[in-house]
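Throughout, read-outs are computed from the coordinates displayed, never taken from laboratory work. Predicted model, so just to flag it, every value in this text is computed and none were measured. All Cβ positions, glycine included, derive from the backbone under ideal geometry; neighbour counts span all protein chains shown.
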Amino acid sequence: MKKTLLPFMALMTFAPVAAYAHPHVFADARLEIVANDDGTIQELHNVWRFDEVFSSSVLMDFDKNTNLQLDPDELAEVGKTVLASLEEFDYYTTITDNGKLIKVTKPDVINVDYKDGQLLMFFALKPAKPMSLKGKLTFGVYDPTLYTSIDFPTEKDVVLMGKFDGCKGAIVRPDPDEVIAENKSTLTDAFFNDPTGTDMSKLFATRMEVTCK
């Protein structure tokens, strides 16, 4: 199993080889989309809280002094591992500017904490090129391999912050059955079985759509 195929495999030793198209890691997320006063996107603030099974596996892998907790240096090592392994996946973040895909810059650091048996990650991303608040912008977080399920539990977990004058945001939660029905001619067996993921997986992802005048 290659890290380039499953970036979180760098943190896991027990994951099965098969059934890549079904989530094995689950995370509740919060996304804050921040605008500058000059009418451009400043950055995206991410918070991910992972399920207890995955979190315990990270504890086992990174608890080098076997004290059954993750000390500051061990948490930092987790952050460094994720920082490197998710770079080619744009940190599971998809941004579009009037239909054009915008890449993100590498964050300076991924901060990690471990509380109540769950692993938490905090980091900020910036668009790789300026994004003006004009037309239609979209912001989503998803794993193209479908190995990790990242979900926003409530509508309040995807928010606009800063100066979004003349803009209106709406959260879109696609219905999987409807997506499959509408795209059945293009969703091939490879979509469900290819561990590298496909662009089609973004059709299932929750996203914030921002429409500006």
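Observations
- Legend: calculated FRET efficiency, V53 to A128, from the Cβ-Cβ distance at R0 = 41 Å, rounded to 0.05, equals 0.75.
- Ranked by the mean number of other Cβ atoms within 10 Å of their residues, highest first, the peptides 138-150, 68-80 fall in the order 138-150, 68-80.
- If the chain linking K64 and E32 were pulled fully straight, counting 0.36 nm for each residue of separation and taking away their Cα-Cα distance, it would gain 8.2 nm.
- Euclidean distance between Cα centres, segment 79-128 to segment 52-75, Å: 21
- Remark: spin-label model distance K100-M161 equals 2.8 nm, labels positioned 7 Å along the Cα→Cβ axis.
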